[in-house]
Amino acid sequence: MQAVAITPRQPHSARLVDAPLPEQDSVPGGRGVRVKVLRVGVDGTDKELQLGLYGAPPAGSDYLIEGHESLGQVEQAGPEVKEFAPGDLVVATVRRPGHSLYDQIGSQDMTTDGIYYERGINLLHGYLAEAYVESADYLVKIPPAIRNPAVMMEPFSIVQKGIAQAFEAQRRMRIWRPRRAAVTGAGSIGLLATLALRLRGLEVVTFGLTTGPSLQARLLADLGAVYLSSREVTLADAAKKYGPFDLMLEATGYSPMAFDAMQALAKNGVLVWTSVTGGARTTTVNSDQINLEFVLGNKLLLGSVNASRDDFVRGVSDMVLAEALYPGWLERMLTHPVAGLGRFQDLFKTLMESNAPDQIKVFCEVA
Ligand code: BGC
Ligand code: ZN
């Protein structure tokens, strides 16, 4: 079968490979499912893979099949698969268990291992191929009503985990009813985070880079969120007018912003960091002031990576609700489709230009 692969750590090595068609019975216990790939989204991590900054191939392979944001359709299911049937739409999770205690109880997103196994990123092949095989344990069923936006379920799961973790951690307050939220970053994660927070009834201010009219600003306005450009207003000033913020989610991919966000957080509030910053940037921060305010205000900083299957399931519910409350909103994020695996060069070229105006989600229409 055709697949799009790279040689990890070698810049711009993307190519089409003829990979073996995976066998459904290669998964033990009759739990294998063969999935025909319909769509695959790409993001900042794929950018880093393209640049040779990140990732590793599976043991014994000299290439890595890319793609970790998938939507597919079940083709074949093993005898012990009761929850899926051919024709069902499914999304696959990304991380697979390693060895730590967390991995052993199905919480590999919380692994304490040094290495982690992630399909399409690290040590496991991804989904940018005609088909893949996976255990039913790692698949999530998608209702036909959200077929179109479901290719964004994986990034949505990142948001779901961040928010769920924030609420879980805030049980320390005994009573915590967040009212004002802020999201830094108006890319896919930032927009999806704003949506999820609006669905939970919070006032949301979202910060992006663009000034003037943009698709991002229109989408946020349609959710009833406030959009501000971080080029025009500092987070600290915005917090004076709209905050301070009880719940903040950082998703700019720019580490100085992660520290800036610390200065806009309310007393007893929680700031969730989700950006994976692969570089080596350093910055100067108001360390005394931030430290003092965090201590005197009982503030919490929380890092969050990847997502559990439950986070995907919550994402499905939220997408269904979003379709009812904001019909068509999610699909407007799907700005840059590229048809066919054969056009992988266009796919990555478009991805690399991700600061282009009105570009949000780049994805491959595989079938
Ligand atoms: C993926 C996550 C993954 C993280 C770190 C992100 O792009 O969406 O699933 O855990 O990269 O590799
Ligand atoms: Zn990702």
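The values are calculated or read from the model by the stated rules, or taken from the named source; none is laboratory data. Please read these numbers as outputs of a predicted model, since none were measured by experiment. Here the Cβ is made from the backbone with ideal geometry for all residues, glycine too, and neighbour counts use every protein chain on show. Heavy atoms of the whole protein, side chains included, go into the accessibility calculation; ligands, DNA and RNA do not. Shrake-Rupley method; radii C 1.70, N 1.55, O 1.52, S 1.80 Å.
Some notes on this structure:
- For the options His99, His336, His125, a Gaussian network treatment of the chain with springs between C-alpha atoms closer than 10 Å singles out His99 as fluctuating the most.
- Formal net charge of residues neighbouring Pro22 (Cβ-Cβ distance under 11 Å; K, R +1; D, E -1): -4
- The string of couplings for segment 356-365 from the Karplus curve (6.51, -1.76, 1.60, θ = phi - 60°) is 4, x, 6, 9, 10, 9, 9, 8, 9, 7 Hz, one whole number per residue in order, with x for Gly and Pro.
- Solvent exposure of Thr112, expressed as accessible area, is near 100 Å², computed with a probe of 1.4 Å over the protein chains only.
- Sulfur and carbon atoms: percent of accessible area, segment 156-303 [1.4 Å]: 50
- Top of Leu223, Leu197, Leu49 by mean-square fluctuation, Gaussian network on the chain, Cα under 10 Å: Leu223
- Within the shell defined by Cβ-Cβ distances under 15 Å, the residues around Gly201 carry a net charge of +2, with Lys and Arg each +1 and Asp and Glu each -1.
- Overall dimensions of segment 1-71, expressed as equivalent-ellipsoid semi-axes from the Cα gyration tensor (√(5λ), whole Å, largest first), are 24, 14, 11.
- Percent RCO, i.e. relative contact order, over segment 261-334, from Cα pairs under 8 Å lying at least 6 residues apart: 34
- Shape of segment 256-359, Cα gyration tensor, a/c cut at 1.5: oblate
- Across segment 229-235, rounded Karplus estimates of 3J(HN,Hα) from the backbone phi angles (6.51 cos²θ - 1.76 cosθ + 1.60, θ = phi - 60°) give 8, 6, 7, 9, 9, 7, 4 Hz, Gly and Pro being marked x.
- Farthest toward positive dipole pole in the chain [+1 Lys/Arg, -1 Asp/Glu at C-beta], among Thr234, Tyr54, Met257: Thr234
- Extent of the chain along its three principal axes (Cα atoms, max minus min coordinate, largest first): 57, 42, 42 Å.
- Residues of the chain: accessible area per residue with a 1.4 Å probe, Å²: 44
- Gyration tensor (alpha-carbon) shape descriptor, segment 104-223, a/c threshold 1.5: oblate
- Amide H contacts for Ala131 (H built 1.01 Å from N in the peptide plane; partners 5 or more residues away or on another chain; cut-off under 5 Å): Val37.
- Residues with amide H under 5 Å from that of Gln76, placed H, sequence gap 5 or more: Arg34
- Semi-axes of the equivalent ellipsoid for segment 156-303, computed as √(5λ) from the eigenvalues of its C-alpha gyration tensor and ordered from largest down, come to 21, 19, 15 Å.
- Built amide H within the under 5 Å cut-off of Val183, gap 5+: Val205, Thr206, Phe207, Leu249
- Residues Asn291 and Leu16, FRET efficiency given R0 of 41 Å [Cβ-Cβ distance, rounded to 0.05]: 0.20
- Within the chain, the longest run free of trypsin sites (Lys or Arg not before Pro) that sit in a DSSP loop with at most 16 other Cβ atoms within 10 Å is 282-367.
- Which listed pairs, of Lys47/Lys240; Lys161/Lys241; Lys36/Lys161; Lys36/Lys361; Lys47/Lys82, have C-alpha distances above 30 Å, in listed order: Lys47/Lys240; Lys47/Lys82
- Loop-located GluC sites (Glu not before Pro) in segment 23-108 (DSSP state other than H, G, I, E, B) with a sparse environment of at most 15 neighbouring Cβ atoms within 10 Å: Glu23, Glu80, Glu83.
- The chain, relative contact order in percent, only Cα pairs under 8 angstrom and at least six apart counted: 18
- Rel. contact order, % - alpha carbon contacts under 8 angstrom, at least six apart, segment 148-245: 25
- Helix 287-296 and the longest principal axis of the C-alpha atoms of the chain enclose an angle of approximately 80°.
- Rounded to 10°, Cα long-axis angle of helix 153-169 versus longest principal axis of the chain: 50
- DSSP beta bridge pairing in segment 156-303, given as percent antiparallel to the nearest 5: 0
- Placing unit charges on the Cβ atoms only, positive for Lys and Arg and negative for Asp and Glu, gives the chain a dipole magnitude near 1040 debye about its Cα centre.
- Largest GNM mean-square fluctuation across Ala261, Ala85, Ala225, computed for the chain with C-alpha springs under 10 Å, falls on Ala85.
- Taking a sphere under 15 Å around the Cβ of Arg172 and counting the other residues whose Cβ falls inside, with K and R at +1 and D and E at -1, yields a net charge of +3.
- Table column - 3J(HN,Hα) (Hz), segment 39-55, Karplus curve with 6.51, -1.76, 1.60, x for Gly and Pro: 9, 9, x, 10, 8, x, 5, 5, 4, 5, 5, 4, 7, x, 9, 8, x
- Nearest 10 degrees, 0 to 90: helix 188-199 Cα axis against the chain principal axis: 70
- Among Val366, Val37, the order of accessible area from largest down is Val366, Val37, computed with a 1.4 Å probe on protein heavy atoms.
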